[in-house]
1. If we scan segment 93-100, do we find a residue that is under 18 Å from the mean Cα position of the chain (by Cα) and surrounded by 19 or more Cβ atoms within 10 Å (Cβ to Cβ)?
2. Among 6, 26, which is the only one that is touching a helix residue (DSSP H, G or I) at 6+ places or on another chain (Cβ under 9 Å), surrounded by fewer than 24 Cβ atoms within 10 Å (Cβ to Cβ) and farther than 25 Å from residue 93 by Cα?
3. Return the total of residues in segment 159-180 being part of a helix (DSSP H, G or I), in contact (Cβ under 8 Å) with a residue 60 or more places away in the chain and not small (Gly, Ala, Ser).
4. Find the residue count for segment 60-76, including only residues that are touching a helix residue (DSSP H, G or I) at 6+ places or on another chain (Cβ under 6 Å) and free of Cβ contacts under 8 Å to residues at least 12 places away in the same chain.
5. Would you tally the residues in segment 218-234 being in contact (Cβ under 8 Å) with a residue 24 or more places away in the chain and either of a type in the set (Asp, Glu) or within 17 Å of residue 18 (Cβ to Cβ) (or both)?
6. May I ask you to verify whether residue 213 is modelled with pLDDT of 85 or more and either under 25 Å from residue 97 (Cβ atoms) or over 18 Å from the mean Cα position of the chain (by Cα) (or both)?
7. Spot the failing condition for residue 156; the list is (1) closer than 19 Å to residue 15 by Cα; (2) of a type outside the set (D, E, K, R); (3) under 17 Å from the mean Cα position of the chain (by Cα); (4) assigned to a helix (DSSP H, G or I), and only one is missed.
Amino acid sequence: MLEILFLFGAGLIAGAINSLAGGGSFIAFPALLLAGVPPVMANATNTFAAWPGYVSGAIGYWSQIKENRHRLPPYIAAAIIGGFLGAELLLRVNDEQFSTVVPWLMGLAVFMFAFGGNLSKWMSAQNSAYGSKAKIIAVSLWLLLALICLYGGFFNAGLGIILLAFFALAGISNIHAMNGVKLLLSAIVSSVAIIRFTMEGSIAWYEGSFVFAGSMVGGFVSAKLAKFIPTPVLRNGIIVYGIVLTLVFFWQAYGT
């Protein structure tokens with residue numbers, strides 16, 4: 001009974017964090033390890049467990065997502081392709097080989113989120129001044145998003161913050177819209193990865209189901225409450241949380 005409550009609680013917290021900023025996998029993944037799930041299977045199971053938080057959170061943000069529907073077709077395509085390739089990579093590469101890269105990606109993500117507004121203004125100016133460069137920039141952004149989704153299919157932790165950084169770079173300024181589209185793409189990446197992991201028998205269904213249930217509740221409730229949080233407060237909170245998460249990843253990868 002204690003293990004069930006522990007896993008459900010971990011899912012509840014992870015779903016809330018994923019809905020607000022991303023990085024809930026840092027809660028859910030260690031919880032699965034502590035429950036005795038082997039590392040590679042825990043990584044795949046974490047993707048499954050995070051899925052309902054993404055879906056319920058996206059439903060909570062649906063009105064903000066619709067405001068950016070013109071962006072969705074290429075974004076969804078990148079999520080499908082990247083998510084599949086990332087899942088394939090996980091099934092072929094040891095987690096430890098990738099763990100040393102994760103903190104650097106997280107640090108870059110926090111930097112992009114904090115200063116992405118200035119970069120997006122520069123890119124908008126370039127689009128206006130040079131029509132020929134607009135297509136190059138658009139293609140470059142799509143490729144970057146596909147790589148981010150590949151990362152999400154391989155190692156879910158931190159995907160949300162990296163996606164938020166990308167949206168700032170892409171010119172989405174409303175933090176709630178950013179969160180909504182982030183959750184939608186995260187749900188798509190996870191769905192594709194889960195299908196692939198299921199085919200390989202890489203998900204611990206029993207332990208994962210309790211984290212799954214907690215994540216569903218946490219994601220939906222947080223999406224509703226986030227609308228009442230002032231944008232500057234939420235944005236600064238995400239930056240601080242991202243810095244802390246980055247330092248934790250560095251400690252995990254390089255600490256003694």
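The values are calculated or read from the model by the stated rules, or taken from the named source; none is laboratory data. Just so we're clear, the structure is a prediction, and the values are computed from it rather than from any experiment. So basically every Cβ, Gly included, is an ideal-geometry build from the backbone, and we count neighbours across all protein chains shown.
1. So in segment 93-100, the residues under 18 Å from the mean Cα position of the chain (by Cα) come out as 95, 98-99.
Restricting the remaining residues to those that are surrounded by 19 or more Cβ atoms within 10 Å (Cβ to Cβ) gives none.
Checked against the condition, which is being under 18 Å from the mean Cα position of the chain (by Cα) and surrounded by 19 or more Cβ atoms within 10 Å (Cβ to Cβ), segment 93-100 yields no hits at all.
2. Working: 26 fails: farther than 25 Å from residue 93 by Cα.
Going through 6, 26 in turn, just one is touching a helix residue (DSSP H, G or I) at 6+ places or on another chain (Cβ under 9 Å), surrounded by fewer than 24 Cβ atoms within 10 Å (Cβ to Cβ) and farther than 25 Å from residue 93 by Cα: 6.
3. Step one: filter segment 159-180 for residues part of a helix (DSSP H, G or I), giving 159-170, 175-180.
Adding the requirement that they be in contact (Cβ under 8 Å) with a residue 60 or more places away in the chain leaves 159-164, 170, 175-177, 179-180.
Okay, now just the ones that are also not small (Gly, Ala, Ser), so 159, 161-164, 175-176, 179.
Total satisfying the criteria: 8.
4. Residues meeting the conditions: 0.
5. Filtering segment 218-234 for residues in contact (Cβ under 8 Å) with a residue 24 or more places away in the chain gives 218-224, 226-227, 231, 234.
Next cut, either of a type in the set (Asp, Glu) or within 17 Å of residue 18 (Cβ to Cβ) (or both) only: 218-224, 226-227, 234.
So the count comes out to 10.
6. Values: modelled with pLDDT of 85 or more: yes; either under 25 Å from residue 97 (Cβ atoms) or over 18 Å from the mean Cα position of the chain (by Cα) (or both): yes.
Considered against the rule, which asks whether it is modelled with pLDDT of 85 or more and either under 25 Å from residue 97 (Cβ atoms) or over 18 Å from the mean Cα position of the chain (by Cα) (or both), residue 213 comes out as yes.
7. So residue 156 meets the others, but not (4).
Conditions tested, residue by residue: (1) of a type in the set (A, V, I, L, M); (2) in contact with a Gly (Cβ under 9 Å, 6 or more places away or on another chain); (3) within 21 Å of residue 63 (Cβ to Cβ); (4) crowded, with 16+ Cβ neighbours inside 10 Å.
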position	(1), (2), (3), (4)
178	yes, no, yes, yes
191	no, yes, no, yes
220	no, yes, yes, yes
229	yes, yes, yes, no
235	no, no, yes, yes
238	yes, yes, yes, yes
